[in-house]
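To start, the structure under review is shown below, and the notes come after it.
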Amino acid sequence: MSAAPTVVQGTKTLWDRVRGKGTEGTAQNANETQSSPDDVTAAGIDRRIRALEAALAATKSEAQSSAQLIASLAKQNARLVEAVAILRVRTRLLLGFCLVLAFALLGIVLWVYVK
């Protein structure tokens, strides 16, 4: 539960990337790569390769951060499921205790009424 703010911030960041807000840099690299497809000189090919490598590195970085966020969400989900299971058991115990008290009160009321 203590990691919830970090998870929420990471989720917002991931969602912004998915919607396209975080892709300006990647789009710029893609435009640089596509701007000179006819440039068959060694320098032109080298520029295109470097731009593609940079785009690939950015994609790998995003994939790693997404994987870390998903792992964090999975851990938090497991903790929540465990907490819900504990609360469910406690609720059943409390309900049983309330039933016992209700029958005891009913017994006392009947005992006082009969006497």
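When L105 is tested against (1) under 30 Å from G10 (Cα atoms); (2) free of Cβ contacts under 8 Å to residues at least 24 places away in the same chain, only condition (1) is not met.
Evaluate the following for S61: is it in a helix (DSSP H, G or I) and in contact (Cβ under 8 Å) with a residue 40 or more places away in the chain? So S61 fails the test.
Quick note: the coordinates plus some simple rules give every number you see, no bench work behind them. These figures come from a predicted structure and were not determined experimentally. Counting neighbours? That spans all protein chains shown, and the Cβs are built from the backbone with ideal geometry, glycine included.
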